[in-house]
Amino acid sequence: MRIKYLNINDMKTKRLLFTILFMGIVLVFANSCKKSDSESVTISDENFYKELGITLINCYSDIYNQNLAGKPTGNQNITTNGPMGGTVVITGSDSYDNTHGITTTDLVFAMTAVKYTYTYTDSNDKTWVTEVTLTGSTTHTGSFSSSYTSINHQSSNLYIKGSVTYDGVVRTIDGSGIVSINRSTKTAVNIFGNTVSW
């Protein structure tokens, strides 16, 4: 029996070879673009609680700035809307030292269904989105100036419902407990017994 060789000058053979080559390139390219299981994205405990902590700090700062910054100091009793929804009752006192430019606060924020969203893009050009709804009271005590911060937020039973989203992965929180935030040259956050600092 004689073996018939492919005639590479034949048009049908050229089309067949081109199709095989093209399909091979497509398969190689498709497989190289897939994420392997070992590259799957997760949100670590450290990142999860850090994002929640940053979001709480920004929420509390917005409550303070929208209602007290630049306003008369002294005893406070304000009922207002949260930055993105819900209700906040602000009680306590604040003062301002003109000589040193230092604001001192001894406040309580009693929050009911206060909503807040914090979004930023990291160095990998990926977006982090943290959304929370808060119910409960937190302190806003300490002092700060344009160059100095020493603020504490303490909650004995803060209810947090929300999520942290990163690169299509969503991690949720729905619970209540002790929340402690200490802000100075370093920030330490403890949410329901999970501690992170930066």
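Could you pull out the residue among Thr112, Thr104, Thr135 that is at pLDDT 95 or above, within 21 Å of Asn77 (Cα to Cα) and more than 21 Å from the chain's Cα centre (by Cα)?
That would be Thr104, the only listed residue that is at pLDDT 95 or above, within 21 Å of Asn77 (Cα to Cα) and more than 21 Å from the chain's Cα centre (by Cα).
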If I filter the stretch 138-147 down to residues being touching a strand residue (DSSP E or B) at 6+ places or on another chain (Cβ under 6 Å) and either among the β-branched types (Val, Ile, Thr) or without any contact (Cβ under 8 Å) to a residue 12 or more places away in the chain (or both), which single residue comes out as nearest to Gly74 (Cα to Cα)?
Thr141
Could you run through the stretch 144-162 and say how many residues are in contact with a Ser or Thr (Cβ under 9 Å, 6 or more places away or on another chain), small (Gly, Ala, Ser), under 23 Å from Thr103 (Cβ atoms) and surrounded by fewer than 18 Cβ atoms within 10 Å (Cβ to Cβ)?
2
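Give the residues of the stretch 60-75 that are closer than 15 Å to Thr138 by Cα and not aromatic (Phe, Trp, Tyr), sorted by residue number.
Listed by number, the residues that qualify are Ser61, Asp62, Ile63.
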Which one is nearest to the chain's Cα centre (by Cα) among residues in the stretch 75-91 that are crowded, with 16+ Cβ neighbours inside 10 Å and in a strand (DSSP E or B)?
Pro83
From the list Asp174, Asp167, which residue is of a type in the set (D, E, K, R) and either at positive phi or at pLDDT below 95 (or both)?
Asp167
Taking the stretch 30-52 and keeping residues outside any helix (DSSP H, G or I), at pLDDT 95 or above and touching a strand residue (DSSP E or B) at 6+ places or on another chain (Cβ under 7 Å) leaves Ile43
Is there a residue being part of a strand (DSSP E or B), farther than 30 Å from Asn194 by Cα and at pLDDT 95 or above anywhere in the stretch 53-74?
yes
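What residue, among those in the stretch 95-127 that are in a loop (DSSP other than H, G, I, E, B) and in contact (Cβ under 8 Å) with a residue 40 or more places away in the chain, is surrounded by the fewest Cβ atoms within 10 Å (Cβ to Cβ)?
If we take residues in the stretch 95-127 being in a loop (DSSP other than H, G, I, E, B) and in contact (Cβ under 8 Å) with a residue 40 or more places away in the chain, then His100 is surrounded by the fewest Cβ atoms within 10 Å (Cβ to Cβ).
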Out of all the residues in the stretch 132-170, which are out of contact with any helix residue (DSSP H, G or I) (no Cβ under 8 Å at 6 or more places or on another chain), of a type outside the set (A, V, I, L, M, F, W, C) and within 23 Å of Ser40 (Cβ to Cβ)?
Ser163, Thr165, Asp167, Gly168
I want to confirm something. Restricting to the stretch 163-177 and keeping residues that are in contact (Cβ under 8 Å) with a residue 24 or more places away in the chain and in a strand (DSSP E or B), which single residue is surrounded by the most Cβ atoms within 10 Å (Cβ to Cβ)?
Val164
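The values are calculated or read from the model by the stated rules, or taken from the named source; none is laboratory data. Note that the coordinates shown come from a computational prediction; the quantities given were computed from them, not determined experimentally. We place every Cβ from the backbone using ideal geometry, glycine too, and count neighbours over all the protein chains shown.
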